[in-house]
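Working notes for the structure below.
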Amino acid sequence: MEDKEKPQDYDPLIEEPKWQKFWEDNNIYRFDPDSKAEVYSVDTPPPTVSGKMHLGHSFSYSQQDFIVRFQRMIGKNVFYPFGTDDNGLATERLIEKTKGVRAKDMNREEFVRLCLNTLEKELRPKYIADWKRIGMSCEWGIFYTTINEHCQRISQREFISLYNKGRAYRKDAPTMWCPECHTGISQVECVDQEIASNFCDIVFKSGGKDLIIATTRPELLPACVAVFYHPEDKRYQALKGKKAEVPLFGFEVPILEDVRADTEKGTGLVMCCTFGDQTDMEWQKAHDLPIKEAITHDGKMTALAGRYQGEQIKKARKMIIEDMKQQGLLRSMKPIKHAVNVHERCGTEIEFIKAKQWFIRYLDLKDDMLKWGEQLNWYPSHMRNRYENWVKGLQWDWLVSRQRYSGVPFPVWYCSKCDETIMADGKELPVDPINSRPPVKACPKCGSTEFTPEKDILDTWATSSLTPRLAVELMPDDIQPKLFPMSLRPQAHDIITFWLFNTTFRSNMAFGCNPWKDCVISGWALDPHGKKMSKSKGNVIEPQVMIDRYGADALRFWAAGSKLGDDLPFQEKDLVTGKKMVNKLWNASKFSIMHLKDFDYRVTAQKANLRVMDRWVLSRLQRLIKDCTDTFSNYEYAKSKAETEKFFWGTICDNYLEVCKDRLYNPDKRGAEAKAAAQFTLYQLLLNILKLVAPVMPHVTEAVYQSYFAGKENDRSIHISRWPEVDESLVDEGAEKAGELVIAVIGAVRKFKSEQKVSLKKPVKLVVECDDGQRKMIESALEDLTSTANAVSLVFGKGDIDIPDQKVKVGVALAGEN
């Protein structure tokens, strides 16, 4: 598209905040509880308040917003709340950093109060502003935080319900523990990380003979309780019933046989320590072995370690290795790299420490869990494999107690005399047992009147796994059945095991059904080299900087380039392309609107007396509308975006806007009817393209809509207007064939002028070689063809430029030349 007056470029830094305010001030995205329309309810992921939005957030939240905006435009009554997850360890650490304090050095009440005040007044408003800035179409008035009283009440209520069903239990048992964070953690919070270590062959003694045992954890020697070998391992069968002396520490442990000992690993002999891993736990339980604790909760050696007491684990390991070398107890040491479990929050190697903890029993439900997964609609479908692999690999019940300071308290007291568990009264929730009394005056078991409050707090996922209820229960009781089960759970693939799995479990336990119908899973935003972004690598790209540079619509355009489930390396050139799309849409719209000032928008296609090229482009538009509707309905927004972009640039800007210019600029020559037909076509093209683009680029489409269409279409916003529908009366295969032929001829003329290095406005003479049917097609659009090609003449004869796709040849000569 070329024009005599170039419109001003669109300024996203001015326009985007303006329309965000407009949407919020006018309740554009309001859920209507009285509407009879089909409800589409969304379990919006509550981002963890841990600083500011990162690029991965902008990537995945934009993708879910594309989907939600489409559902709203097809007429559904959308329930799209927003919440923040702010009772987790990440938030606690942020408060400590922001305020320069340490939770363990403060009174718990004081620290909790500091957290709540800092979140409310400083952190949360700034954090939420980032989500508003990318154009999320949530209803911001339907809001929760996972630490407020509303959410604490629901979280405590559902915990009590699990307890009453026999699913929540407290046990003094080996627990996965993070020495850095000083808290128990669940299986889902562990990740495998390859680290450098040493495989040490160390010398145990038995009956005056050396027994060589390979280990990577010599610091656990003081907690050794047995030595095992496989019962079929003939090398060691003679040791049955004997004892082995533990090196450095001098005490003896039994030598036992067990099929879990691996004959191929190390020397075939293995020491059992309490606790190095899950096998140690299984052996301890199966053989009724004593429990020795060599590591404290803060990752130091206990008194059991003798002279190593108080040393950090890694330092103690080095000291023990050195002492064994000096005493001839280290036969060999080989450097290795192996995968170990680390806490996903801090990267610290986990330990197994005996502690009283609360668990949720669910290992007996694996078959049910797999059925629940089968009942969900997964987009993309292969993401269900991640869910199933997690279920099949579960080895632990869910540890839900955390030794932290700020969070949702357990609604629990214990009898100080007999340890009987006392649950809070459901009518009094939420409660903090530290600051309140239990609902009974005396222990129902022993009669004691002394009680001890539970000081631990619930795992943040124990509350976050209830997000469907946290959102739905913000609404009146009579509305809630319309909203739950919810329509959609959007989330990233890395938290299928954290969030999706646990939410599915909690919903089935509480309500006997899945929490949603569809799950859409996004991938990760990676750095330009396809690597995961992290501050330590220095490869973090901040979305705030990109929005300042290119605008939110350009960032969303980039996110729309990846289909669900796919990881997408960040390429700034994609935002440059996005900004070009924004500016082109703005300028093409301004050009079109300039020529629609005197147009009666109520004109129908029949009254407009459409020309062949109008019918060509409008017919193609109907096919685009159908394709975009089908793909968006299947959550394939990337296909819709790609096809719409291609149609906008290629069909509209490069071709139709050039074809219709002569009619628009020269109505005296071409006639008023020809101009009106072009105006009708422009109106339909622009309005429908704006709507097709609107879910991906909400700001620029709103700006154009409000500048012209709002007063004519009677919708307050393009985002609550109806999605385009196919008009079968405009589908015209004959016009499409004729139009493609005309565009091919125009393309050949443009190519010729480009090769001759002359202006596209340079007059030419045309010769077209074609069959009779093609001749009729060309003649039906002759005026549009010649005006666009600036051809002073067109005759049918022998051509020399081949157009293979159309089986046509053309001859082109500059006017005034032979």
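The values are calculated or read from the model by the stated rules, or taken from the named source; none is laboratory data. Computed from a prediction, not measured in an experiment: that's the story for all the values here. Please note: Cβ atoms are built from the backbone with ideal geometry, for glycine as well, and neighbour counts cover all protein chains shown. What goes into the accessible areas is simple: the full protein's heavy atoms, side chains included, and nothing from ligands, DNA or RNA. Shrake-Rupley method; radii C 1.70, N 1.55, O 1.52, S 1.80 Å.
Laid out as a table, the results:
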{"quantity": "One residue from L624, L690, L657, L664 being in a helix (DSSP H, G or I), open to solvent by less than 40 Å² (accessible area, probe 1.4 Å) and either within 30 Å of K21 (Cβ to Cβ) or β-branched (V, I, T) (or both)", "calculated": "L690"}
{"quantity": "Among the candidates A559, A588, residue that is under 16 Å from N688 (Cα atoms) and surrounded by 15 or more Cβ atoms within 10 Å (Cβ to Cβ)", "calculated": "A588"}
{"quantity": "Residue in region 668-684 that is among the polar types (S, T, N, Q), assigned to a helix (DSSP H, G or I) and over 36 Å from the mean Cα position of the chain (by Cα) present", "calculated": "yes"}
{"quantity": "Qualifying residue in region 534-556 (condition: at pLDDT 95 or above, closer than 15 Å to V693 by Cα, acidic (D, E) and open to solvent by 60 Å² or more (accessible area, probe 1.4 Å))", "calculated": "no"}
{"quantity": "In region 562-584, residue most open to solvent (accessible area, probe 1.4 Å) [restricted to those that are in contact with an Asp or Glu (Cβ under 9 Å, 6 or more places away or on another chain) and over 19 Å from I541 (Cα atoms)]", "calculated": "K563"}
{"quantity": "Single unsatisfied condition, G241 versus (1) open to solvent by 30 Å² or more (accessible area, probe 1.4 Å); (2) part of a strand (DSSP E or B); (3) not aromatic (F, W, Y)", "calculated": "(2)"}
{"quantity": "Residue ID - surrounded by the most Cβ atoms within 10 Å (Cβ to Cβ), chosen from residues in region 595-621 that are at pLDDT below 95 and in a helix (DSSP H, G or I)", "calculated": "A608"}
{"quantity": "Qualifying residue in region 16-26 (condition: out of contact with any Phe, Trp or Tyr (no Cβ under 6 Å at 6 or more places or on another chain), more than 23 Å from I547 (Cα to Cα), in contact (Cβ under 8 Å) with a residue 40 or more places away in the chain and open to solvent by 30 Å² or more (accessible area, probe 1.4 Å))", "calculated": "yes"}
{"quantity": "Residue list for region 703-744, filter: open to solvent by less than 30 Å² (accessible area, probe 1.4 Å) and small (G, A, S)", "calculated": "A703, A710, S717, S721, A735, A738, G739, A744"}
{"quantity": "Filter result (among the polar types (S, T, N, Q) and either within 46 Å of the chain's Cα centre (by Cα) or not in a loop (DSSP other than H, G, I, E, B) (or both)) within region 310-341", "calculated": "Q312, Q326, S332, N341"}
{"quantity": "Answer from E736, E740 - the residue that is in contact (Cβ under 8 Å) with a residue 24 or more places away in the chain and out of contact with any helix residue (DSSP H, G or I) (no Cβ under 6 Å at 6 or more places or on another chain)", "calculated": "E740"}
{"quantity": "Number of the exception - S759 against (1) open to solvent by 40 Å² or more (accessible area, probe 1.4 Å); (2) of a type in the set (G, A, S); (3) touching a residue at least 24 places away in the same chain (Cβ under 8 Å)", "calculated": "(3)"}
{"quantity": "Selection from region 695-732 of residues that are of a type in the set (K, R) and more than 31 Å from the chain's Cα centre (by Cα)", "calculated": "K712"}
{"quantity": "Count - residues of region 244-258 that are without any contact (Cβ under 8 Å) to a residue 40 or more places away in the chain and part of a loop (DSSP other than H, G, I, E, B)", "calculated": "3"}
{"quantity": "All positions within region 690-721 that are of a type in the set (A, V, I, L, M, F, W, C) and either without any contact (Cβ under 8 Å) to a residue 60 or more places away in the chain or under 18 Å from G75 (Cα atoms) (or both)", "calculated": "L690, L692, V693, A694, V696, F709, A710, I718, I720"}
{"quantity": "Residue within region 332-340 that is open to solvent by less than 70 Å² (accessible area, probe 1.4 Å) and modelled with pLDDT of 90 or more present", "calculated": "yes"}
{"quantity": "Selected residue (criterion: surrounded by the fewest Cβ atoms within 10 Å (Cβ to Cβ)) from residues of region 461-491 that are assigned to a loop (DSSP other than H, G, I, E, B), in contact (Cβ under 8 Å) with a residue 24 or more places away in the chain and not β-branched (V, I, T)", "calculated": "P476"}
{"quantity": "Residues satisfying the stated conditions in region 762-807, i.e. open to solvent by 80 Å² or more (accessible area, probe 1.4 Å), in contact (Cβ under 8 Å) with a residue 40 or more places away in the chain and under 23 Å from A674 (Cα atoms)", "calculated": "E783"}
{"quantity": "Filter pass, W398 being hydrophobic (A, V, I, L, M, F, W, C), within 24 Å of N164 (Cα to Cα) and open to solvent by less than 70 Å² (accessible area, probe 1.4 Å)", "calculated": "yes"}
{"quantity": "Qualifying positions in region 270-283 - surrounded by 18 or more Cβ atoms within 10 Å (Cβ to Cβ) and either closer than 28 Å to K104 by Cβ or in contact (Cβ under 8 Å) with a residue 60 or more places away in the chain (or both)", "calculated": "M271, T274, F275, G276, D280, M281"}
{"quantity": "E92 vs. criteria in contact (Cβ under 8 Å) with a residue 40 or more places away in the chain, of a type outside the set (S, T, N, Q) and either under 19 Å from E24 (Cα atoms) or surrounded by fewer than 16 Cβ atoms within 10 Å (Cβ to Cβ) (or both)", "calculated": "no"}
{"quantity": "Total residues in region 244-266, condition open to solvent by 10 Å² or more (accessible area, probe 1.4 Å) and either acidic (D, E) or over 46 Å from the mean Cα position of the chain (by Cα) (or both)", "calculated": "12"}
{"quantity": "Filter result for Q63 (at pLDDT 95 or above and open to solvent by less than 20 Å² (accessible area, probe 1.4 Å))", "calculated": "yes"}
{"quantity": "Among residues of region 503-525, those that are under 16 Å from the mean Cα position of the chain (by Cα) and open to solvent by less than 10 Å² (accessible area, probe 1.4 Å), counted", "calculated": "6"}
{"quantity": "Residues located in region 284-309, provided they are open to solvent by 30 Å² or more (accessible area, probe 1.4 Å) and part of a loop (DSSP other than H, G, I, E, B)", "calculated": "H287, D288, P290, I291, K292, E293, T296, H297, D298, Q309"}
{"quantity": "Any hit, region 610-624, residues being in contact with a Lys or Arg (Cβ under 9 Å, 6 or more places away or on another chain), of a type in the set (S, T, Y) and farther than 20 Å from G135 by Cα", "calculated": "no"}
{"quantity": "Complete set of residues in region 163-180 that are within 13 Å of V342 (Cβ to Cβ) and either β-branched (V, I, T) or surrounded by fewer than 21 Cβ atoms within 10 Å (Cβ to Cβ) (or both)", "calculated": "E180"}
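Conditions (1) outside any helix (DSSP H, G or I); (2) within 19 Å of L162 (Cα to Cα), marked per residue:
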{"site": "F501", "(1), (2)": "no, yes"}
{"site": "C513", "(1), (2)": "yes, yes"}
{"site": "D518", "(1), (2)": "yes, no"}
{"site": "K532", "(1), (2)": "yes, no"}
